[in-house]
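> Once you've had a glance at the structure underneath, I'll fire off some questions.
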Amino acid sequence: MARYDFTARRLYVEAPLGAGLRVELNPAQAHHLRNVLRLSDGAEIRVFNGRDGEWRAVLSIGPKKVGLVARDLTRPQEAALDLHYLFAPLKHARQDYMVQKAVEMGAALLQPVLTRHTQTERVNLARMRANVIAAAEQCGVLALPSVAAPMPLDSLLAAWSDARLLIFCDEDADGLDPLAALAAAKATRKTQLSVLVGPEGGFDSGERAAILSRPSVVRLSLGPRILRGDTAAVAGLALVQAALGDWRMRQD
């Protein structure tokens, strides 16, 4: 039997979940379930809120309101990996894609970082949050990452905690084996991880020097080809998850 039912319809809600609890849905959710998915009264869906696990629920569709009643727990809430994704904001569709992939790859925090060559300093946090929820609903994710307001790179580094490992995806790190670099980082036994990907124009020399001056930094090459920001997100997070994250069997 498959570990997860990929055919189940999933819905994110803000309300607490528990056996027998009723949740009233907002108009957008009600419209989607009733008019787009064409679900009827009594239909079953899976619901989650990022705190109480995933529940089997039954729809209650009335003439004016649509709600649901949680029946039984299908998956308990799991502790999320302490993995932050730090990125220079991208434009429009590429940022939407990047946010969705970061959710799928297990990021617990999405932190826009403003650098000298950042493409845009305007970040639509509501749009980011909507993409987070959509990706979580579609991909079986239980723990939704937080969405932080944009922060200048120098402010981020000034407030950096040495307890957190900074994995710096550096386009200037020619010849460095990423797997060897992450294997060496494993010896630090740090469980608080951050992956930093810069703008498509790259970091300038001053920014690079400031990043590398931090004591808890691993310099990571993403290979010999030039990657766009959204592609670099997937590559960097995949490497980190495979070497240090929850893609491997923990024996620590």
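> Given (1) surrounded by fewer than 22 Cβ atoms within 10 Å (Cβ to Cβ); (2) within 26 Å of GLY206 (Cβ to Cβ), where does LYS101 come up short, assuming only one miss?
Of everything listed in (1) surrounded by fewer than 22 Cβ atoms within 10 Å (Cβ to Cβ); (2) within 26 Å of GLY206 (Cβ to Cβ), LYS101 misses just condition (2).
> Just to be sure I understand, how many residues within the stretch 1-35 are acidic (Asp, Glu) and outside any loop (DSSP other than H, G, I, E, B)?
1
> Also, quick follow-up: If the requirement is being in the same structural domain as GLN111 (by TED's automatic domain parsing), among the basic types (Lys, Arg), farther than 16 Å from ALA243 by Cβ and part of a loop (DSSP other than H, G, I, E, B), which of these qualifies: ARG208, ARG225? Please lay out each step first, then the result.
On the way: ARG208 fails: part of a loop (DSSP other than H, G, I, E, B).
Just a single option satisfies the conditions, and that option is ARG225.
> Residues to consider are GLU200, GLU171; find the one that is out of contact with any helix residue (DSSP H, G or I) (no Cβ under 6 Å at 6 or more places or on another chain), assigned to a loop (DSSP other than H, G, I, E, B), among the charged types (D, E, K, R) and surrounded by 15 or more Cβ atoms within 10 Å (Cβ to Cβ).
Just a single option satisfies the conditions, and that option is GLU171.
> Just give me the residues in the stretch 138-163 being charged (D, E, K, R) and modelled with pLDDT of 95 or more, in sequence order.
Matches in the stretch 138-163: ASP154 only.
> Considering VAL103, VAL58, which residue is of a type in the set (Val, Ile, Thr) and outside the structural domain of PRO152 (by TED's automatic domain parsing)?
The match here is VAL58.
> Follow-up question, since we're still on this one. Evaluate the following for LEU81: is it within 24 Å of the chain's Cα centre (by Cα) and in a loop (DSSP other than H, G, I, E, B)?
yes
> Tell me which residues, restricted to the stretch 36-72, are more than 19 Å from ILE133 (Cβ to Cβ), free of Cβ contacts under 8 Å to residues at least 40 places away in the same chain and outside any strand (DSSP E or B).
ARG38, SER40, ASP41, GLY42, ALA43, GLY62, PRO63, LYS64
The values are calculated or read from the model by the stated rules, or taken from the named source; none is laboratory data. What you are looking at is a predicted structure, and each value in this text was computed from that prediction instead of being measured. A quick note on method: Cβ atoms are made from the backbone with ideal geometry, for glycine too, and the neighbour counts reach across all protein chains shown.
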